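Every number here is computed from the coordinates shown, using simple stated rules; none is lab data. Keep in mind it's a predicted model, so treat the numbers as computed, not measured. Positions of Cβ are backbone-derived with ideal geometry, glycine not excepted, and every protein chain shown enters the neighbour counts.
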């Protein structure tokens, strides 16, 4: 698993952890993790923040609710979020994402 040392990343990680129960209740989130350029320490000013999410089996998450969650997370952390559903990962890229993801 990736190691988090960036202060900005720690701030975001703490915000997401603090809202984990709310995300579970409002969006039926089973598991949430972060990956991508922020985790690797390769982000730039224009980089978005990559979040991997797994929903409860019985969750009813349509496109509008998914986009609503993505926008909510962007407002919450102050950075544009790219929300990726774990079940939608393509095999080739998915294995790389799962290697670097930091679960919260």
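Observations on the structure shown:
- Nitroxide proxy distance, nm - points 7 Å out along Cα→Cβ at residue 42 and residue 8: 1.6 nm
- Across the chain, the mean sequence separation of Cα contacts (distance under 8 Å, 6 or more residues apart), normalised by length, yields a relative contact order of 37 percent.
- Tensor-based shape of region 26-104 (alpha-carbon gyration tensor, a/c under 1.5 rounded, otherwise prolate or oblate): oblate
- Annotation: extensible slack from residue 96 through residue 61 equals 10.1 nm (criterion: 0.36 nm per residue apart, minus Cα-Cα distance).
- If you take the Cα centroid of region 39-71 and the Cα centroid of region 80-100, the two points sit 10 Å apart.
- Counted over the chain, the DSSP beta bridges are approximately 60% antiparallel.
- The length gained by stretching the chain between residue 68 and residue 17 to full extension, at 0.36 nm per residue less their Cα-Cα distance, is 16.5 nm.
- Sum of -39500 (n - 2.57) over DSSP H runs of 4+, divided by residues of the chain (222 nm, nearest 500): -13500 deg cm²/dmol
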